[in-house]
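Participant: Got a structure here, written out as structure tokens. Questions coming.
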Amino acid sequence: MADTQTPHPKYKRVMLKISGEALMGDQGYGLHPPTVQRIAQEVKSVHDLGVEICMVIGGGNIFRGLQGSAQGMERTTADYMGMLATVMNALAMQSALEEQGVFTRVISAIRMDEVAEPYIRRRAVRHLEKKRVCVFAGGTGNPYFTTDTAAALRANEMNCEAILMGKNGVDGIYDKDPRTNSDAKRYDAVTYDEVLQKNLKVMDASAIALARDNSLPIIVFSLDEPGGFRGILAGDGTYTKVHGGSKAGAGEAA
């Protein structure tokens with residue numbers, strides 16, 4: 001792990017995107033408080049470097065709109081239910097971060113003034129400038145858009161320098177699922193177009209396109225590795241970078 005006195009983190013403002021499933025630990029459903037606290041500690045360690053942090057958390061540990069739709073529920077209703085699940089996760093993360101002394105704001109795309117601030121871009125930017133962690137909830141506020149797209153959208157609006165995708169069980173992008181294929185190879189770097197052409201399933205296509213069109217790098221790393229998030233900001237760690245360079249920049253790890 002890098003020295004805690006690292007004075008110059010790689011990025012000054014980042015978006016951390018994690019799935020709702022990342023919060024459920026080994027339970028298979030819902031929130032696992034020790035897991036939420038562990039992730040909050042990872043966020044705090046980066047915050048202590050002086051990095052300004054945005055977060056978007058999925059809702060799949062509670063309700064996933066696509067699954068509800070597949071089971072016969074009207075798609076728009078199912079998606080709104082999924083958005084509400086992201087608010088629950090955001091509030092849990094806010095509580096865990098504030099227990100560790102990190103000032104945090106939950107900002108919802110769906111108005112619910114009693115529990116979260118409404119999304120106002122300039123206000124959110126001001127929170128970041130004051131070194132508050134901003135957890136964006138409620139997706140984009142519209143059905144048919146995933147939290148991946150919400151993360152790419154908010155990252156661009158907040159002028160983040162990178163999106164960091166914290167994954168469970170994998171430490172980057174592979175040519176096939178490494179959990180079921182022992183011969184899977186990890187990429188050190190890939191281009192946005194390669195992700196789309198090879199269907200590498202990093203984020204959904206609209207999120208990748210939004211990042212590509214604004215030259216916003218995406219860094220995929222393991223959320224399970226202690227210190228992994230901080231390590232990347234300190235210039236260390238194992239990850240895959242999605243960028244707009246030539247294909248010559250893409251390689252497989254040794």
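Participant: At what distance in nm do the modelled label points of residue 126 and residue 27 sit from each other, each positioned 7 Å from its Cα along Cα→Cβ?
Facilitator: 3.6 nm
Participant: So if I place +1 on the C-beta of Lys and Arg and -1 on the C-beta of Asp and Glu, and nothing else carries charge, what would the dipole magnitude of the stretch 109-254 be about its Cα centre? I want it in debye, nearest 20. Could you put the intermediate results ahead of the total?
Facilitator: Values: 20 positive and 20 negative charges, 90 e Å.
The dipole magnitude comes to about 440 debye.
Participant: Compute the distance from the alpha-carbon center of the stretch 36-104 to that of the stretch 134-209, in whole Å.
Facilitator: For the stretch 36-104 versus the stretch 134-209, the Cα centre distance is 16 Å.
Participant: Continuing with the same structure: At 222 nm, what value in deg cm²/dmol follows for the chain if DSSP H runs of at least 4 each add -39500 (n - 2.57) and the sum is divided by all its residues, to the nearest 500? Walk me through the numbers before you get to the answer.
Facilitator: On the way: 8 runs with 87 residues, N = 254.
Helix-only estimate at 222 nm: -10500 deg cm²/dmol.
Participant: What does the charge dipole of the chain about its Cα centre add up to, to the nearest 20 debye, if the Cβ of each Lys and Arg holds +1 and the Cβ of each Asp and Glu holds -1? Walk me through the numbers before you get to the answer.
Facilitator: Details: 29 positive and 30 negative charges, 118 e Å.
Computed charge dipole of the chain: roughly 560 debye.
Participant: What percent antiparallel are the DSSP beta bridges of the chain, to the nearest 5? Please list the in-between numbers first.
Facilitator: Values: 8 of 37 bridges.
The answer is about 20 percent antiparallel.
Participant: Choose one of 149, 178, 202: the residue whose Cα lies farthest towards the positive end of the charge dipole of the stretch 126-236 (beta-carbon charges +1 Lys, Arg; -1 Asp, Glu; about the Cα centre).
Facilitator: 149
Participant: What does the highest-first list of 15-26, 145-156 look like by mean Cβ count within 10 Å?
Facilitator: Working: 15-26: 21.3, 145-156: 24.4.
The most tightly packed comes first, giving 145-156, 15-26.
Participant: OK, next. Determine which lysines satisfy two conditions relative to residue 241: a Cα distance under 27 Å, and not lying fewer than 8 residues away in the same chain.
Facilitator: 10, 12, 17, 44, 131, 167, 176, 185, 198, 201
Participant: Would you mind ranking 192, 29 so that the residue whose beta carbon has the fewest other beta carbons within 10 Å leads the list? Intermediate results must be reported in sequence, preceding the final value.
Facilitator: On the way: 192 22, 29 10.
In increasing order of surrounding Cβ atoms, one gets 29, 192.
A short reminder: the numbers here are calculations on the coordinates, not readings from a lab. Here the structure is a predicted model, which is why all the values come from computation and not from measurement. Cβ coordinates were reconstructed from backbone atoms using ideal geometry, including for glycine residues, and neighbour counts include every protein chain displayed.
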